[in-house]
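The values are calculated or read from the model by the stated rules, or taken from the named source; none is laboratory data. All values derive from a computational prediction rather than experimental measurement. Using ideal geometry, Cβ is built from the backbone for each residue, glycine included, and neighbour counts are taken over all protein chains shown.
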Amino acid sequence: MKKLLLIAILPFANINAQITLNQTDFATGGDTIRMSTSTDLTLDFSSTGTNFVWDYTSLVPSSQKLNTYRPSSQFSLLAGFLFGSFAPTKYKASYSIETTEIPIAQIAGILQVPITDMLAFTKNSPDSLTSVGFSMNVDGNEVPFKSDTIEKRYDFPINFNDTTYSRGYTNIDMNPVIDAIYRQYRQHSSKVDGWGSITTPYGTFNALRIKHNISELDSIYIGTFQLWLPVPAPSKVIYEWWTTGEKEPILRITTSNLFGTETISSVDYRDIYRGLDAGINELTKDFQVYPNPVTNKLTLKNEKQIEKLNILDISGKVIKEISNFTSNSIEINTSELNQGIYYLSIYTGEEVILRKFVKE
């Protein structure tokens, strides 16, 4: 009986196992990782502890993005010179990726020039993940620049109760494109303040919870007026839940201080494809789904011919596929569905339309 009991227990013994994170658990050049964004700003981000259970199954995606980690072989000629294979070892970047860490909209507004295509360059090495520089397009000209003080974002290996402190300083000289200099100074402290299991629509995972406190002091020099101006950069806190092998956090919640209250500003989480990528039309006015909530029969109408549709459950799993339509008005039998929230992913040949409905 003792042996049988041991066998019965073993499958559950590691459900909330404490894990360690290493270099291979983070993205590197050539990876593509899909993340969903939620507009739910009421999530509990403060609760944590040991052997903790975080339940975020209520997350509903409002949009998705496929993060593309470009390897050094895809760097431009100028960026390759600073961050490619011939760069000093500490600046040899593993990848570049689009970023919002530099407020290019504010800079463009102050300088009255178009600034686009902001990229961050990161080095993923066995002992750490570091930010080594950036590039941007200023008035049609690529401007890459190294960070004078390299910010260490993660120290490997990562275990519960680990703490990290780092500074980052970047001097962005835009000459000769424009007589201006942008300076970013960041202080970054992190603590692994929890471990346990986390559940989102993507699944259930053993996780470490990492809390990042980031403060920033930015300024810009305008040569025409020989004047330094401060650029507002509010302090922020980033809460991340990491597991092994997923390359990005299972969940990332970013907060800022709003009138003395810590308030959620963004929610992103690891996910499967749900037909919500940029460019996909979620708000097509001519598309109708009714009644909603529905009991037994759901009607779909669209001006364009519908080629195929899928019904997905709240986790994104396809539970029904329907095709070969002869009309733009379709009736779907929903009597076999359990009560709950579902999504319709509709393909017209020109676009993908996503609609949520409730089965009563």
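Going by what's in this entry, would ALA120 be described as free of Cβ contacts under 8 Å to residues at least 24 places away in the same chain and either assigned by TED's automatic domain parsing to the domain that holds THR204 or among the β-branched types (Val, Ile, Thr) (or both)?
no
Would you confirm whether or not the stretch 171-188 contains a residue that is farther than 22 Å from SER219 by Cα, out of contact with any helix residue (DSSP H, G or I) (no Cβ under 6 Å at 6 or more places or on another chain), without any contact (Cβ under 8 Å) to a residue 40 or more places away in the chain and polar (S, T, N, Q)? No; the residues of the stretch 171-188 include none that is farther than 22 Å from SER219 by Cα, out of contact with any helix residue (DSSP H, G or I) (no Cβ under 6 Å at 6 or more places or on another chain), without any contact (Cβ under 8 Å) to a residue 40 or more places away in the chain and polar (S, T, N, Q).
For TYR342, state whether it is over 30 Å from SER256 (Cα atoms), at pLDDT below 80, outside the structural domain of PRO201 (by TED's automatic domain parsing) and within 29 Å of the chain's Cα centre (by Cα).
On the way: over 30 Å from SER256 (Cα atoms): yes; at pLDDT below 80: no; outside the structural domain of PRO201 (by TED's automatic domain parsing): yes; within 29 Å of the chain's Cα centre (by Cα): yes.
Here the answer is no, as TYR342 does not meet what is asked.
Restricting attention to the stretch 78-98, the residues that are out of contact with any Gly (no Cβ under 9 Å at 6 or more places or on another chain) and either modelled with pLDDT under 95 or not charged (D, E, K, R) (or both) total 9. Scanning the stretch 59-92 for residues that are in contact (Cβ under 8 Å) with a residue 60 or more places away in the chain and under 30 Å from SER36 (Cα atoms) returns LEU59, VAL60, PRO61, SER62, SER63, GLN64, LYS65, LEU66, ASN67, SER76, ALA79, PHE83. I want to confirm something. Restricting to the stretch 1-16 and keeping residues that are outside any helix (DSSP H, G or I) and out of contact with any Ser or Thr (no Cβ under 9 Å at 6 or more places or on another chain), which single residue is modelled with the highest pLDDT? Checking each candidate, the answer is ASN14.
One residue stands out among those in the stretch 211-263 that are surrounded by 13 or more Cβ atoms within 10 Å (Cβ to Cβ) and of a type in the set (Phe, Trp, Tyr): the one that is farthest from SER190 (Cα to Cα), which is TYR221. Of the residues in the stretch 84-94, at least one is closer than 15 Å to ARG153 by Cβ and either touching a Pro at 6+ places or on another chain (Cβ under 7 Å) or polar (S, T, N, Q) (or both).
Of the strands (runs of 3 or more DSSP E) lying entirely inside the stretch 196-263, those containing at least 3 residues that are closer than 20 Å to ALA27 by Cα and either assigned by TED's automatic domain parsing to the domain that holds GLY49 or in contact with a strand residue (DSSP E or B) (Cβ under 8 Å, 6 or more places away or on another chain) (or both) are 203-222, 236-242, 251-258.
Going through (1) charged (D, E, K, R); (2) under 23 Å from THR164 (Cα atoms); (3) at pLDDT 90 or above one by one, GLU101 falls short only on (3).
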